[in-house]
């Protein structure tokens, strides 16, 4: 299992937990709003554990302000993050012979 997120320290902790339970894991730092970074992260994931057979995109952010207080920059941040499952899926279609599934989820749970 490849774990990818912006915060490397949390990834390393989770990677260690998976390995302690007998699993295979690799932590890859990635920002879902950076399309080129997504491709680099997928390359790192494949280098660590082999071809990606299942890709799960799970991302979502919200700006916790009244809508009347949100700026265009706030809105752009939400849109950029929430469209990133497309970028991840599109980046990984380069190996269709081994890719079994792409699962995309976006949203928040408060």
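The values are calculated or read from the model by the stated rules, or taken from the named source; none is laboratory data. Since we're looking at a predicted model, the values are computed, not measured. A quick note on method: Cβ atoms are made from the backbone with ideal geometry, for glycine too, and the neighbour counts reach across all protein chains shown.
With 48, 41 as the choices, which residue is closer than 19 Å to residue 3 by Cα, at pLDDT 85 or above and surrounded by fewer than 16 Cβ atoms within 10 Å (Cβ to Cβ)?
Just a single option satisfies the conditions, and that option is 48.
Among the listed residues 63, 103, which satisfies the condition of being farther than 13 Å from residue 33 by Cα, modelled with pLDDT of 65 or more and exposed (fewer than 12 other Cβ atoms within 10 Å of the Cβ)?
103
Checking the structure you have, find out if any residue of the range 76-90 is at pLDDT below 85 and loosely packed, with under 10 Cβ neighbours inside 10 Å.
No: the range 76-90 contains no residue that is at pLDDT below 85 and loosely packed, with under 10 Cβ neighbours inside 10 Å.
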